[in-house]
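Data block below; observations after.
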Amino acid sequence: MRVDDIFARARTQKTQPVSFEMFPPKGELTLEQARDVAGELAALGPDFISVTYSAGGSGNAGATARIASMISHELDVPSVAHLTCVSLTHDDLAEKINELKRAGVENVLALRGDLPAGVDAAQAATGAFPFAKDLIPELVDAGFCVGAAAYPEGHIDCDDLARSVEHLKQKQDAGASFFVTQLFFDNEYFYRFRELADAAGISVPVTAGIMPFMSKQQISRMVFMCGASLPSPVIKLLARYENDPVSLRAAGIDYACRQLEDLASHGADGLHVYAMNRPEVARAAMSALRGAAA
């Protein structure tokens, strides 16, 4: 099922699609373990599951289409395959499109992707597809439902939020039919961003992406990778449970659940949980949302 149809149905029914994200095998995670993770996520009844893609040398890029296909055709849950354009050639893209079509993938999330080691932003901009907006029309022409990323606090490489919103409009104009936001820890940033997006003419659904913080190391990495701000309540939790990792994980999941509940009550178009291949995170999120709706 196409994700744009999922959002259209949700608007008619006045509901909010809930989705999860997982990543393909890397390191010690085997394909069979990935199947188990996907099965546990699917059992929670999400509206779709997205599968990340890595062009940065992690070795998991080839598994994206296979896992997305398995989620859709074996687990009967719509899936979204991520595809990054950094360092992608026209021949590479043709090969990827064929791979996705053979796998029966209907939905693709077009991203620039993290820059590979030794490649800076200026070098990446000289490639065949410098930005996600350049990739989107090719995927639309190939028949995919195409989504793209949105950045409530602005892209890490762009210090002007207004310009980030302009880039979002360019992605919509290129054919993107839905957006998934980068993670954020303060919902006020999302609400401000949504107002700016509305004013800029963004009319396709924007689903809010939330990732629980699980450790100080993880949250530090996310802050530097994504440019997300740490609000005072998060900093206080990190300080309170500095020497208690189990309690910190629990507090991080609880904080994310409260973010999701607040976003749902404020009418976010959708809710996307970065589950980090941890079904317990998705389970807690779904439980909180269903409890809030009861």
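The values are calculated or read from the model by the stated rules, or taken from the named source; none is laboratory data. Fair warning: this is a prediction, and the values are worked out from it, not measured in the lab. Cβ sites come from the backbone with ideal geometry, for glycine too, and all protein chains shown count toward neighbours. The protein model used for the area step is the full one, side chains on, heavy atoms only, and it has no ligands, DNA or RNA in it. Shrake-Rupley method; radii C 1.70, N 1.55, O 1.52, S 1.80 Å.
Between Arg102 and Ser247, the C-beta separation translates, for a Förster distance of 35 Å, into a calculated FRET efficiency of about 0.15.
log10 I(q)/I(0), Debye, Cα-only the range 184-294, no solvent, q = 0.24 Å⁻¹? One equal scatterer on each Cα of the range 184-294 leads to -1.44.
Couplings 3J(HN,Hα) for the range 205-221, derived from phi with the Karplus relation 6.51 cos²θ - 1.76 cosθ + 1.60 (θ = phi - 60°), are x, 10, 9, 8, x, 10, 10, x, 8, 10, 6, 5, 5, 5, 5, 5, 5 Hz, where x marks Gly and Pro. Sorted largest first by accessible area at a 1.4 angstrom probe radius, with every protein chain in place, the residues Met286, Met225 fall in the order Met225, Met286. Ordering His266, His155 by accessible surface, largest first, gives His266, His155; the 1.4 Å probe counts only protein heavy atoms, with every chain in place. A Cβ-based charge dipole, computed about the Cα centre of the range 97-238 with Lys and Arg at +1 and Asp and Glu at -1, lands at about 380 debye.
Calculated FRET efficiency, His73 and Ala128, Cβ-Cβ r, R0 41 Å, to nearest 0.05? Computed FRET efficiency for His73 and Ala128 comes out at 0.85.
Calculated FRET efficiency, Met276 to Asp173, Cβ-Cβ distance, R0 = 51 Å: about 0.95 to the nearest 0.05. About its Cα centre, the chain has a charge dipole of approximately 480 debye under the convention of +1 per Lys or Arg Cβ and -1 per Asp or Glu Cβ, with nothing else charged. In the full protein context, the range 175-294 carries 44 Å² of accessible surface per residue, based on a 1.4 Å probe and ignoring ligands, DNA and RNA. Rounded to the nearest 20 debye, the dipole size of the range 245-294 about its Cα centre is 180 debye, using +1 on the Cβ of Lys and Arg and -1 on the Cβ of Asp and Glu. Compared with the direct C-alpha span, the chain from Asp36 to Gln13 gains 5.1 nm at full extension, assuming 0.36 nm per residue. On full extension, the segment bounded by Asp262 and Val223 gains 11.9 nm, given 0.36 nm per residue less the C-alpha separation. For the set Lys14/Lys96; Lys171/Lys216; Lys101/Lys133, the pairs lying more than 27 angstrom apart at their alpha carbons are Lys14/Lys96; Lys171/Lys216. So what's the back-of-envelope 222 nm ellipticity for the chain, counting only DSSP H runs of four-plus at -39500 (n - 2.57) apiece and dividing by all residues, rounded to 500? Result for the chain: -15000 deg cm²/dmol, rounded to the nearest 500.
Normalised by 2.2 N^0.38 Å, with N the number of residues, the alpha-carbon radius of gyration of the chain equals 0.95.
Loop only per DSSP, at most 14 neighbouring Cβ atoms within 10 Å: give me the GluC sites (Glu not before Pro) in the range 221-292, ordered by residue number.
Filter output for the range 221-292: Glu242.
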